Each structure stands twice: as C-alpha cells, then as structure tokens.
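First comes the structure, then the notes that go with it.
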Amino acid sequence: MSGATGGLAPRDGVAGAPVDLPPAVADARATRFLRACRGEPVDATPAWFMRQAGRALPEYRAIRERATLVEITRDPALCAEVTLQPVRRLGVDAAILFADITTPLAGLGVDFEIVEGRGPVVAAPVRSAADVARLRAFDPAAAVGPLLEAIGLVRAASPVPLIGFAGAPFTLACYLVEGGPSRDFLRTKTFMHADPGAWAALMDVLTATTVAYLAAQVAAGAQAVQVFDSWVGGLSPRDYATRVAPWMARIFAALRPLGVPAIHFGVGTAGILRLQAAAGGDVIGLDWRVDLAEGRDLVGGRPVQGNLDPALLLGPWDATADAATAILDRAAGRPGHVFNLGHGVLPGTDPDDLARLVDLVHDHAPGRSPA
C-alpha cells in the first residue's frame, strides 16, 4: 500500500497513519498532478479518484456513525479529516474537498435534504420563471464558510495538491427542476424548451453561483478545480450547444484568471466531447465509454483525465490491472494524462485494491504487463 507524507493525525482509531517519504519522492508527488494538468512531463502518471473520500473507506464509515454528510461539511476539522483520509491510505496524488455537489444550493435559499440511499431531494422544485426569481444571490462566506475554513486546514496538512469542485449549471438545474435524482430528466428537458427565457435565467443564476463558489475555494487555497457535469450526457449535441455550452464557456473564461488548472468532467459525453472541449477546461475528464486515445484526439490533444470503469474494482484484481494497464498504454507516455476512474468510486470497492491501483499507475511503463 502506498504511504503518504504529512497529513492530519488519525482520529477515532482510524487506520492509515502518515508515513515519511524521502524528500525527493515527496517533492515529486507534490507536483506531478499539477504538472500533468499543465501538459508538462512528470516522473510518474498521477492518480486520484472521484469520490475517493468516503464510501469505500472504513475510517469514513466510522465518522458517518456519528455525523451526517451535511454535518461533516459544516465542521471544518471533520471535513478536513475526511478529505485527507484517502491521501493517507491510498497514496493518491491529489486530495479533493469533501462536499456534496448540491452543497451550494442552500446559499440560494433552496430547501433540500440528502436522503440516504436516494440522494438530494428538493422540497420546492424550480419549474417556472417565478421560481427562478425567488433564488437568492450566492454569498460564499455566508453559505459555505466552514467548507472554506476546511480548505485551509487541508492545505496546512496535505502532502499533495487540493482540488476544489462544483457542480455544473445543467447538473444543478436537473436537481432543482426534477426535485431529486432522475434517470431521464424529462421535467428538465421540458422546462428547457417550454420556457427558454426562464431556463436562461436559471442558468445565469447557477453560472454566477458556480463561479463565485469556485473562486472562493481558490482564494481559500484550492490549487485546482473540477466542474462536474454529471448528467449532461443525457442531452443531444444540439441541446448541449444551445442550452448549456454558452454558460459553460462563461464559467471557464471566469476561472482562467484565477491561475489554477480547471478540469471539465461529464458522464456519458462521448457524443459531445468536442463541444465540451470548445466550452473550456484545461483538462477534459473522460468516462469509460470512450477510448482514452480517441477521446484525447476529440478534445484537440489537450490534457485528459480518466478513465477506468469503476465497476471493474468490484471484481477480480486481474481484470482491474489489465484494464488499467491498457489505458496507460493508450496514453503512451504522452504528457498530460491524469489517471482516474471514469466516474466515482463505487460502494463496496476494496480500498486495498484502490491503493494497489495507485501503485500500478505509478510503476507503469508503456507496454509492460501488470504484475
């Protein structure tokens, strides 16, 4: 299992204490993720995992026995601890701030609850121009002050860069309009076309919120940001180009002066990758439905992140190792590849296999079979 340098001391009997690394190794680990995001050569392919904080880690489950997800995000020390747990246990090359994609919605005056086993449920869905008009302007200090404080604690303790994140306007709109998780987003698509003026107004509000939220995270110390458009793969290329892309372009244009790498990620987006890349992002996240090399060609050769199917980690290690090696071989040692899953870590994933996967990625040489 990979070790880590620094980090908060384990609490509540949590395993995974920090292990000292030689200075040269620690320095390389501290820089390789950001260098890869900039398309620069690295000593080894960096690896981190979406949803690495939580779910699969027993030390996280121990914390959840006494605190809800919302309570964790409102306790800076606890949020920092959860954010750092996978850094210590897995040896990943980046931490990602522990929060929910819907966390900033409370700052808009939205009443919602994260229901165990279902996800965020909005009490009064947004389905008209009047509903949009009732949304408040987002004030980061008032809405997510403890989360911003947690960033400072993580930065003081983490041996690797910290990624801030936010949900993209379309994905946030899906939660607001549907009232909760959905498979087909029929209400959202209907609203988008039935009242394009109200849709544009909603996207304006959510775009301003996303920019303010991410800018506040960077000001607090985040060294990179990721914009999650988890549900955008449900759109046709035409709808994406007209109803989503202009607002995404506005977000990435606003992030550029902040001087940190911005990752643009969506799920099921093979059919709109060119449009996503045109909208912006220094790094384009790829899910497992597209070949890594082909995806890189589709986004104009810029840095990419991905893209192992997370379901493989629920099966035998050999299948995971073979698939990860194939992805790394497709990357062919070209600068600008951040290894990740094609979506988040699934419940039931063995954290020891995640740590083995990090080691495999770090040790890989193109064309070499996995051990």
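No value in this document is a laboratory result; all are computed from the given coordinates. Remember, predicted model here, so these are calculated numbers, not experimental data. Heads up, the Cβs are rebuilt from the backbone with ideal geometry, glycines too, and the neighbour counts pull from every protein chain shown.
Structure summary
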| read-out | value |
| --- | --- |
| Under-5 Å amide H pairs with I114, H placed in peptide plane, nonlocal only | V121 |
| For the stretch 331-340, 3J(HN,Hα) per residue [Karplus equation, 6.51 cos²θ - 1.76 cosθ + 1.60, θ = phi - 60°, Hz, x = Gly/Pro] | 5, 6, x, 5, x, x, 10, 10, 6, 7 |
| DSSP bridge pairs, the chain: antiparallel proportion in percent, nearest 5 | 15 percent |
| Computed over the stretch 23-363: relative contact order in percent, which uses C-alpha pairs under 8 Å that are six or more apart | 22 percent |
| Vicinal HN-Hα couplings computed from phi for the stretch 104-118 (Karplus, 6.51 cos²θ - 1.76 cosθ + 1.60; Hz; Gly/Pro x) | x, 5, 4, x, 8, x, 8, 8, 9, 9, 8, 8, 4, x, 10 |
| The stretch 220-239 and the stretch 136-207: distance between their alpha carbon centers, rounded to Å | 10 Å |
| Point-to-point label distance, L314-E116, nm (Cα→Cβ direction, 7 Å offset) | 2.0 nm |
| Amide H partners (placed H, <5 Å) of F98, local residues excluded | T83 |
| Of the trypsin sites (Lys or Arg not before Pro) in the stretch 273-371, those whose Cβ has at most 14 other Cβ within 10 Å and which sit in DSSP loop | R368 |
| Sites excluded, GluC sites (Glu not before Pro) in DSSP loops with at most 12 other C-beta within 10 Å, longest stretch of the chain | 117-371 |
| In the stretch 51-133, the trypsin sites (Lys or Arg not before Pro) that fall in loop regions by DSSP, at most 14 other Cβ within 10 Å | R66, R118 |
| Backbone HN-Hα couplings from phi across the stretch 84-91 [Karplus 6.51/-1.76/1.60, Hz, Gly and Pro as x] | 8, 3, x, 5, 6, 7, 9, x |
| Trypsin sites (Lys or Arg not before Pro) restricted to DSSP loop in the stretch 135-243 with at most 15 other C-beta within 10 Å | R136, R183 |
| 5 angstrom amide H check on G39, placed H, neighbours 5+ away | G336 |
